[in-house]
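The values are calculated or read from the model by the stated rules, or taken from the named source; none is laboratory data. This structure is a prediction, so every number in the text was calculated from the model and none was measured. Virtual Cβ from ideal backbone geometry, glycine too; neighbours counted across all protein chains shown. For accessibility, only protein heavy atoms count, side chains too; no ligands or nucleic acids. Shrake-Rupley method; radii C 1.70, N 1.55, O 1.52, S 1.80 Å.
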Amino acid sequence: PRPCHRAVSQAHQTATPPGKREMALGSLLVRIAVFASWVAAAWAHAVRGAAEAAAVAAAEYPMREVPKNPHSDLAIASMIAAVAVPFVSLGVMFVLKEKAWYGACYLIGGLIFLAWLFCAYIAL
């Protein structure tokens, strides 16, 4: 064999598996790392508890009564919309299905237009 190959094979023969001392040192390092992470987690929990206590102590005027919503009719409108919108959407899709590609274009363009109107209204 070549000299380079002989050196590699000798290096493999001289390599020994780790002994008990190396294994014990590795196990000790793992235990130290686990203990350090446990201490860090406990410290973080203590810091979080202190921050929460400071936030509660900083509340100057806790809310004693719930304010009445002057727009309570919006809840009823949203319930009606939750029932009506799916039926209206199905009706629109069935009508536009008869128009083939024009119907698809109308549907997509109409949805984009409605989204634009909504964003314009919100931006006011």
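Table: residues versus (1) at pLDDT 70 or above; (2) exposed (fewer than 10 other Cβ atoms within 10 Å of the Cβ).
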| site | (1), (2) |
| --- | --- |
| Arg2 | no, yes |
| Ala55 | no, yes |
| Asn69 | yes, yes |
| Gly91 | yes, no |
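When the range 101-124 is filtered for residues that are of a type in the set (Gly, Ala, Ser) and open to solvent by less than 70 Å² (accessible area, probe 1.4 Å), the ones remaining, listed by number, are Gly103, Ala104, Gly109, Gly110, Ala115, Ala120.
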